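Values quoted throughout were computed directly from the atomic coordinates according to the rules given, and no laboratory measurement underlies them. Note that this is a predicted model, so its numbers are computed, not measured. Virtual Cβ from ideal backbone geometry, glycine too; neighbours counted across all protein chains shown.
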Amino acid sequence: MTEEHKDIEMNMLRTRAKKAEDITDDMWLLVAQEHRDLVTEYLDVSTHLSPKTKVQYESGLRHFFWWVHSVLNDKPVNKISKRDFMRYMSYLSNRGLSSSALGFKKSAVSAFNIFIEDIISEDDPDNYGMYKNFTKGMQPIPKNQVYSKEAITYDEYKMIIETLLDDKNYLGVAWVAVAFNTGARRAEIVQFKTETTKQEILEGQNYIMSSTIMGKGRAGGKPIEYMINAEALKYMKLWIEKRGYDHEYVFTTHYKGDDKMSNSWANSFCTDVLSDIIGRRINPHIFKASAITFLLSNDVPMNLVSKYVAHHNDVSTTQNFYDLRDFEEEKGQIFGVIANKE
């Protein structure tokens, strides 16, 4: 870190895992042919998976079967036991993976197992007729975190906006304003269309609606329309005015023929720019929780925030995972009755 950078509070709760090694094509060719063929067939028929999820599942399965190759000497799939898989999960845990990363690795192998049970067992009963899903019945993965989840406050948000404006970083300003005010995720922000910004806020309203965004979910995701307030709209328009070229989408980097922004851009932006501004480590995922927490802190009802900002089907998801209020004042009242009696 250079001297002009601020000291950044890393707010680490545990040591972050090293990035898992990529299983190269040459390494993959060393894995048993049976395993490679089954993985290829599973991915080919998994049309329900989004392209992004399919890539992640392929990576997860390559890692698993590389471990089977390296540790279990390419044990046949129908011989892999629950105990073997527990060893694999322990191996991943011991190298520091978060609970969410462990859960995703497990999901990839579990989905593959279901494919073997439902499809392959019928076509090859001699080898797979008695196949057992070795991921079933395992204990839930204990939740852990790499970083403490601390919401970006409104004062921090304003400081970020002012700093980026001073830097003439208009793309960054627009991204932060949208992320903090709409609650849209990193992969959803890049879908905001330029035509949206041509709308005017109607009298009696304080927002416009985005075009349809494909959010998280199976089979391509869940269609969502985000509410865009005047603040976010202002900075989106400013970026479009300053960028100097036309494009269907608002968030473009222009590095490769004005391409739509990649997810890695937001990761680097938070790590290399925003963390320096507010003095602690942040990532793109904290913005959704920050948007929700800010609205709840200003007395917007939980059910409205959950439905129209978080776009959660169940209000408990908003409450349990995205409400980062500390409730210090409320907690201070818990024993107040006893104190008053003394």
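Taking the DSSP bridge list for the chain and keeping only pairs wholly inside it, about 90 percent are antiparallel.
Summary value for the chain: 18 percent relative contact order, contacts being C-alpha pairs under 8 angstrom separated by 6+ residues. Between Thr47 and Phe327, the simple spin-label model (points 7 angstrom out along Cα→Cβ) gives 4.7 nm. Against the chain, whose longest principal axis is taken from its Cα atoms, helix 51-71 shows a tilt of about 40°. Build a GNM of the chain with springs between Cα atoms under 10 Å apart, and of Asp326, Asp167, Asp276 the one that fluctuates most is Asp326. Compared with the dominant principal axis of the Cα atoms in the chain, helix 286-297 is inclined by about 50°. Axis of helix 170-182 versus longest Cα principal axis of the chain: the two differ by about 80°, to the nearest ten degrees. With a threshold of 27 Å on the Cα-Cα distance, the over-threshold entries among Lys168/Lys216; Lys54/Lys222; Lys52/Lys79; Lys79/Lys222; Lys168/Lys260; Lys242/Lys307 are Lys168/Lys216; Lys52/Lys79; Lys79/Lys222; Lys242/Lys307.
So if I take the alpha carbon set of the range 154-328, get Rg, then get Rh from the Kirkwood formula, what is the Rg over Rh ratio?
On the way: Rg = 15.7 Å, Rh = 16.7 Å.
Across the range 154-328, the Cα-based Rg/Rh ratio is 0.94.
Over all pairs of different C-alpha atoms, the range 25-128 has a mean inverse distance whose reciprocal, the Kirkwood radius, equals 14.2 Å. Neighbours of Lys82 by Cβ distance under 11 Å: Lys/Arg scored +1, Asp/Glu scored -1, total +3. Partners of Lys105 within straight-line reach, counting aspartates and glutamates whose Cα lies under 20 Å from its Cα and excluding those fewer than 8 residues away in the same chain: Glu21, Asp22, Asp25, Asp37, Glu41, Asp44, Glu58, Asp74, Asp84, Glu117.
Highest GNM mean-square fluctuation among Gly183, Gly204, Gly244, for the chain modelled with Cα contacts below 10 Å: Gly204.
Ranked by the mean number of other Cβ atoms within 10 Å of their residues, highest first, the peptides 232-241, 67-76 fall in the order 232-241, 67-76. Among Gly129, Gly137, Gly103, determine the one that fluctuates most according to a GNM of the chain built with springs between C-alpha atoms less than 10 Å apart. Looking only at Gly129, Gly137, Gly103, the biggest GNM fluctuation is shown by Gly137.
Distance distribution note for the chain: the fraction of Cα pairs above 30 angstrom is 49%. Close amide H contacts of Tyr249 (hydrogens built in the peptide plane, cut-off under 5 Å, sequence separation of 5 or more or a different chain): Thr194.
For Ile213, nonlocal amide neighbours, meaning residues 5 or more places apart or on other chains whose placed amide H falls under 5 Å from its own, are Ile224, Glu225, Tyr226. Extension gain, Asn283 to Glu34, is 85.7 nm, computed as 0.36 nm per intervening residue step minus the present C-alpha separation.
Each residue of the range 80-92 is assigned a 3J(HN,Hα), and the resulting list reads 5, 9, 4, 4, 4, 5, 4, 4, 5, 5, 5, 4, 5 Hz, derived from the Karplus form 6.51 cos²θ - 1.76 cosθ + 1.60 (θ = phi - 60°), x at Gly and Pro.
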